[in-house]
Amino acid sequence: MSDVVVARSLDEAREALAHQPDATVLAGGTDLMVEINRGLRRPRHVVGVAQVPELRRWHIADNRVVVGAGVTYTEMMTTALADAAPALAQAARTVGSPPIRNAGTLGGNLGTASPAGDTLPVLAALNAEIVVTGPDGERRMGLDDFVVGVKQTSLRPGELIVAAELDRPTGRQEFLKIGPRNAMVISMAGLALVADHDARTVRCALGAVAAGIPRAREAEAWVAEQIDWASGAGVDDGVADEFGQRVAAASSPIDDHRSTAAYRRHAVAVLATRALKRAFSSGEAGDA
Amino acid sequence: MPDPYSLRVNGVDCEVADSDLAESLLFVLRERLGLTGTKNACTEGECSSCAVLIDGVLTCSCLVLAATAAGQEITTVEGLGDGRDELSVVQEAFVHEGAVQCGFCTPGLIVAVHDLLEANPEPSDGDVREALSGNLCRCTGYGRILAAVHSAAATKRSQP
């Protein structure tokens, strides 16, 4: 490693990346430092962005929630952002442990682009637009155009993730995941479900069960027709179960060291059924 | 060799010279500055035996690129006692409750418990389990650790 720049402002980060477009951006370090410690990666140039104040903020604009790339998991859970984007808070709550959540950021989850990145299904279900800045100015894209493969993004040299802009629908949001314990767990399967009562739609996205972060669009369209939007009645068990099966059909899981394809497909169906029942129950929001 | 940089650790400015910029804060604390209280185990954020406070925020020092911590206030387990040879209330409680077996996880736990009690003076069992969910003890001593946290919390609350 020949140089480390600690950017103290967005302009400093942009300048450093313009000067060294092949520099590796370091945010909370929870992914990159693991690889550096193991000797798997040896970046020549590093630009640290954890102390860029512009990236650490979030706000609401035009009924969209704009979350800076440097917002940490702890901040997603413990600030008013948790009310503005409840599923993001639920997902953040399932990441690692307190010190990991103090360090890890939304932008880092995006940059790593793992299928098991827990905020990614939430971003997909909330129609996120990813905002990046770089030598060619600002670009915006949906998650599908940002995450282009397993740990692959469409970021160009010199570009930096600035923020994600999320919908703020009127309706319940759920994030659920499966793993071997209740902390320090990388998802074997994850799911975000968002109900939008104004648009009368349900949106559902999946983590850790495909190369990307698929939306279960067929299941979404089907279930929107089954829901009695006017009465606010809950969904019956038959609808919830069939929704689960239809969502599972949108997954394309593999066998790996963390789980099997068959278990993941089963888990996705269970999570989808559970999330739908929670989102359309008459009671108050339950914990994920 | 890159230019030396300075880290502020436990209130003291420490120059880090002849280092490789790829070194983690954990490595620099132990191998460059001789502060071996912070333990090196998994080096991937799974065990929290390397936990420190950076600007008051609980952090795994193995996941911090040391050079990026210049200018921040770093507090290690050595900096938590009330004086040079005094144990903190949390450390005393760990001793009294027998919450130390092999001792390898203990410094990280002590730092994490300080952080917990700073924010939450009267934690429930669930709060403690959540706060320490990233601290792995392979001697399976969690029962006594839980007792030590409650004991430390009670002692702190009884102090003026």
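Values computed for the structure shown
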{"quantity": "Residue tally, condition out of contact with any strand residue (DSSP E or B) (no Cβ under 6 Å at 6 or more places or on another chain), surrounded by fewer than 24 Cβ atoms within 10 Å (Cβ to Cβ) and not in a helix (DSSP H, G or I), over the range A:97-115", "calculated": "2"}
{"quantity": "Test: residue in the range B:124-144 that is among the β-branched types (Val, Ile, Thr), more than 14 Å from chain A (Cβ to nearest Cβ) and part of a helix (DSSP H, G or I)", "calculated": "no"}
{"quantity": "Selection count where residues are within 14 Å of another protein chain (Cβ to nearest Cβ), more than 25 Å from the chain's Cα centre (by Cα) and of a type in the set (A, V, I, L, M), scope the range A:8-25", "calculated": "1"}
{"quantity": "Output for the range A:53-83, where each listed residue is assigned to a helix (DSSP H, G or I) and either more than 15 Å from the chain's Cα centre (by Cα) or not aliphatic (A, V, I, L, M) (or both)", "calculated": "A:Pro53, A:Glu54, A:Leu55, A:Arg56, A:Tyr73, A:Thr74, A:Glu75, A:Thr78, A:Asp83"}
{"quantity": "Residue satisfying condition, being crowded, with 24+ Cβ neighbours inside 10 Å and either touching a residue at least 40 places away in the same chain (Cβ under 8 Å) or within 13 Å of another protein chain (Cβ to nearest Cβ) (or both), within set B:Val90, B:Val57", "calculated": "B:Val90"}
{"quantity": "Boolean, A:Val202 is at pLDDT 95 or above, part of a strand (DSSP E or B) and not assigned by TED's automatic domain parsing to the domain that holds A:Ile100", "calculated": "yes"}
{"quantity": "Near pairs, Cβ below 6 angstrom, 6+ apart or cross-chain, from the range B:140-152 (assigned by TED's automatic domain parsing to the domain that holds B:Asp125 and at pLDDT 95 or above) to any residue that is in a helix (DSSP H, G or I) and of a type outside the set (Gly, Ala, Ser)", "calculated": "B:Leu146/B:Val128; B:Ala148/B:Phe94; B:Val149/B:Val113; B:Val149/B:Val128; B:Ala152/B:Val89; B:Ala152/B:Val90"}
{"quantity": "Pick from the range A:172-186, criterion at pLDDT 95 or above and not hydrophobic (A, V, I, L, M, F, W, C), ranking: farthest from the chain's Cα centre (by Cα)", "calculated": "A:Arg172"}
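The values are calculated or read from the model by the stated rules, or taken from the named source; none is laboratory data. What you see is a predicted model; the values in this text were computed from it and never measured. Glycine gets a Cβ as well: all are built from the backbone with ideal geometry, and neighbour counts include every protein chain shown.
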